[in-house]
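S.K.: Would you mind keeping the following structure in view while I ask a few things?
The values are calculated or read from the model by the stated rules, or taken from the named source; none is laboratory data. A quick note: this is a predicted structure, and the numbers were derived from the prediction, not measured. As a convention, Cβ positions derive from the backbone with ideal geometry for all residues, glycine included, and neighbour counts pool all protein chains shown. Side chains included, ligands, DNA and RNA excluded: accessible areas come from the protein's heavy atoms. Shrake-Rupley method; radii C 1.70, N 1.55, O 1.52, S 1.80 Å.
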Amino acid sequence: MHEPDAAIGALRERLAQAASVCVLTGAGMSAESGIPTFRDALTGLWSRFDPAQLASEAGFRADPALVWDWYAERRAGVLAAEPNPGHRALADFARRRPGVLTVVTQNVDDLHQRAGNRRAIRLHGDILRDRWLESCPRDCDPAQATPGRPPRCADCGNLLRPGVVWFGEMLPAGALEAAEVAARGCDVMLVVGTSGAVWPAAGLAALARRAGAYVAILNPADSEIDADAHLCLRGTAATLLPGLLG
Ligand code: OAD
């Protein structure tokens, strides 16, 4: 048997025996569904912008139409995409082994949910749910916003913004805490399709390892947190996950 086959077999066995499995996913998880990774999304028309310009409150306030258009393009891509065999393998595992799997995702798409993992912990929000830029004292309904780039409130003038976490913003209340509980409590953590460049999500692998979990990274390329893992499997989410979890 080749070394990678042996490693995959051993990991498969660990997953089969585990009482608790935590899977941390990043943009690479959805790449095979046709959704560009965060860094790949900054190509073509958008290559002259830096992430802080397109994914920050300051960038939005400086040019709301530009940022709205970038997110509108990404939102259309999410709506057109379908879960890939990796998302489905995770959802099948959760169905077969109730209570064992916790998915923690940095992705703002809804592909884990559409595959059947409705309880995935979303660290970076939801691109399909807009919210007001300023908190609204009158509790105006974002669904009633007047269409525009971006839509705005006819009463207050408040702007809609994408419901994602931007650079420099807090994670949704309770999400990081729930993710840390899952990381500390798991027997095996799989880290799938993340560059490990964005914190605090990137710290979850080391947290799991310190707490005694076996940590495996699934990624076709190096990541910044490879040193935190016991095993790095070089492959894609849709090719590796069905074999590991099936
Ligand atoms: P990145 O775009 O930084 O990294 C994507 C990772 O996926 C890279 O390590 C690729 O090698 C890997 N990859 C590519 N194709 C893959 C495939 N088919 N299967 C598995 N892996 C693959 O995305 P994230 O690490 O998710 O935050 O970035 C983290 C955060 O940075 C994002 O959530 C976003 C951004 O700022 C917010 O929007 C707040």
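S.K.: Give the residue, chosen from 97, 39, 75, that is open to solvent by 20 Å² or more (accessible area, probe 1.4 Å) and under 17 Å from residue 129 (Cα atoms).
M.R.: Going through 97, 39, 75 in turn, just one is open to solvent by 20 Å² or more (accessible area, probe 1.4 Å) and under 17 Å from residue 129 (Cα atoms): 75.
S.K.: Looking at 6, 81, 91, 16 in this structure, which one is surrounded by fewer than 14 Cβ atoms within 10 Å (Cβ to Cβ) and modelled with pLDDT of 95 or more?
M.R.: From the options 6, 81, 91, 16, the qualifying one is 16.
S.K.: Another question, then. Determine which single condition residue 160 fails, assuming it passes every other condition in (1) within 16 Å of the ligand (Cβ to nearest atom); (2) in contact with a Pro (Cβ under 8 Å, 6 or more places away or on another chain).
M.R.: So the condition that residue 160 fails would be (1).
S.K.: Wholly within segment 178-246, which strands (runs of 3 or more DSSP E) include no fewer than the required count, namely at least 3 residues that are surrounded by 20 or more Cβ atoms within 10 Å (Cβ to Cβ) and at pLDDT 95 or above?
M.R.: Counting at least 3 such residues, we get 188-192, 214-218.
S.K.: Just for segment 127-150: of the residues that are in a loop (DSSP other than H, G, I, E, B) and surrounded by 18 or more Cβ atoms within 10 Å (Cβ to Cβ), which one is modelled with the highest pLDDT? Reasoning before the result, please.
M.R.: Our first condition is that a residue be in a loop (DSSP other than H, G, I, E, B); within segment 127-150, this holds for 133-141, 145, 147-150.
With the extra rule that they be surrounded by 18 or more Cβ atoms within 10 Å (Cβ to Cβ), the set shrinks to 145, 150.
Details: 145: 94, 150: 97.
The qualifying residue modelled with the highest pLDDT is 150.
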